[in-house]
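Worksheet: the structure to be examined is printed underneath.
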Amino acid sequence: MRVVAAMSGGVDSAVAAARMIDAGHDVVGVHLALARDAKTLREGARGCCTIEDAGDARRVADRLGIPFYVWDMATPFEQDVVEDFVAEYEAGRTPNPCLRCNEKIKFAALLDKALALGFDAVATGHYAQIAEGPDGRELHRAVDPQKDQSYVLGVLDEEQLARAFFPLGDTTKPDIRTEAAERGFAVAKKPDSHDICFISDGNTRGWLTERLGERPGEIVDEGSGEVVGEHRGAYGFTVGQRRGLGLERSSLDGEARYVTRVEASSNRVFIGTSDLLGNDVIEADHVRWCGPAAAGEHRLGAQLRAHGEEIPATATVTGEGGESRIVVRLDDTVRGVAPGQSVVLYDGTRVVGSGTIVRAGRGSLRPGGVASA
């Protein structure tokens, strides 16, 4: 099988490419140039997609003896991931750019280009597993719970999974580093990139301010309805946030306050006590199925964050195709669920699908997102 190995310049993608060769595939290494103005060197362990990373990937490819190319994906990445990220925060939502990148870039733009050039599949260094099931290929959790990345792959559909390989899912990260060292890869000890790859210093609020400018507005207490402070941009806040509110606790009876919602239409940030953060019912749209989808009610596990806990839940599916929606009723209350985040559904270790959270509440959801007990 002719396979494109996506090589980021890190240790995981290096070993993934090597394992695909060991499995007998005809492998070509490809590094995705995602930044329009790529920096020469990485900044600590946060950034990626630099000229240094491209050089590291090329050296691994040379050692493996495989062809290597750099594919310019900066324009689709800017449009489908970066601009989407900005628009979501501007609308008062909290997006996960890794899911969008997997959906739009690595398993859409990259896979489409690979297929157009005569390749059969794409392999990446994600920690997840593919298994053959009764209805086709299935996406499962990795054996290493600390590195499992099935959550951010929950946007892949059946056709994309049929063309995907994740060679690292059966191995722990320490063993991957050991294998890389044994293979003589210089990246064996290279730090992982983390957080948001295009915000290298980790300062999301500062980065958004550069893009959107300062937009002063009010901070309102949910309980009293009083204006208790000001902010310089509602886009800099997310549900559940406690730090960075710029408030004196003494002015709020000494009790900690958290962001309860962000109202983009009025440019106001609402805060309240911790008891207002609990949610046990979630509605999601932009539904993506990793296998055959069926309407109706299903007992599944729900994960709300990339490294969050899986919570037993009942998921009710309505509509079909692009009009599908999911209402997820959690067995336990979860704090700080924000619109724009993703809920990924599991049946055991198998990823069933995902949806983008529209609203969350406690007990039930009425039209307009009002929660009722």
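The values are calculated or read from the model by the stated rules, or taken from the named source; none is laboratory data. Just so we're clear, the structure is a prediction, and the values are computed from it rather than from any experiment. With ideal geometry, Cβ positions are generated from the backbone for all residues, glycine too; neighbour counts draw on all protein chains shown.
Quick look at the values:
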{"quantity": "Test set (1) farther than 28 Å from Met73 by Cα; (2) surrounded by fewer than 18 Cβ atoms within 10 Å (Cβ to Cβ) - Ile219 fails condition number", "calculated": "(2)"}
{"quantity": "Boolean, Asp221 is of a type in the set (Asp, Glu), within 30 Å of Pro312 (Cα to Cα), over 27 Å from the mean Cα position of the chain (by Cα) and modelled with pLDDT under 95", "calculated": "no"}
{"quantity": "Filtered residue count, segment 85-112, keeping only those that are surrounded by fewer than 16 Cβ atoms within 10 Å (Cβ to Cβ) and among the charged types (D, E, K, R)", "calculated": "1"}
{"quantity": "Qualifying residues in segment 342-373 (those that are at pLDDT below 95, within 26 Å of the chain's Cα centre (by Cα) and not in a strand (DSSP E or B)) - the one surrounded by the fewest Cβ atoms within 10 Å (Cβ to Cβ)", "calculated": "Gly369"}
{"quantity": "Complete set of residues in segment 24-50 that are at pLDDT below 80 and of a type in the set (Val, Ile, Thr)", "calculated": "Thr40, Thr50"}
{"quantity": "Which numbered condition Ser266 fails, given (1) in contact with a helix residue (DSSP H, G or I) (Cβ under 9 Å, 6 or more places away or on another chain); (2) modelled with pLDDT of 90 or more; (3) closer than 18 Å to Gly336 by Cβ", "calculated": "(3)"}
{"quantity": "Residue identified as outside the structural domain of Gly355 (by TED's automatic domain parsing), crowded, with 16+ Cβ neighbours inside 10 Å and not hydroxyl-bearing (Ser, Thr, Tyr) among Ile282, Ile326, Ile271, Ile311", "calculated": "Ile271"}
{"quantity": "Odd one out for Glu297 among (1) in contact (Cβ under 8 Å) with a residue 24 or more places away in the chain; (2) farther than 18 Å from Ala360 by Cα; (3) assigned by TED's automatic domain parsing to the domain that holds Arg362", "calculated": "(1)"}
{"quantity": "Odd one out for Ile66 among (1) over 18 Å from Trp207 (Cα atoms); (2) modelled with pLDDT under 95; (3) assigned to a loop (DSSP other than H, G, I, E, B)", "calculated": "(2)"}
{"quantity": "Criterion: at negative phi, out of contact with any Ser or Thr (no Cβ under 9 Å at 6 or more places or on another chain) and modelled with pLDDT of 95 or more - qualifying residue of Glu320, Glu283, Glu309", "calculated": "Glu283"}
{"quantity": "Test: residue in segment 177-192 that is at pLDDT 95 or above and under 25 Å from Arg305 (Cα atoms)", "calculated": "no"}
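Yes/no per residue for (1) hydroxyl-bearing (Ser, Thr, Tyr); (2) closer than 22 Å to Gln129 by Cβ; (3) under 16 Å from the mean Cα position of the chain (by Cα):
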{"residue": "Asn279", "(1), (2), (3)": "no, no, no"}
{"residue": "Ile282", "(1), (2), (3)": "no, no, no"}
{"residue": "Ala293", "(1), (2), (3)": "no, yes, no"}
{"residue": "Gly296", "(1), (2), (3)": "no, no, no"}
{"residue": "Gln303", "(1), (2), (3)": "no, yes, yes"}
{"residue": "Gly308", "(1), (2), (3)": "no, yes, yes"}
{"residue": "Thr316", "(1), (2), (3)": "yes, no, no"}
{"residue": "Gly319", "(1), (2), (3)": "no, no, no"}
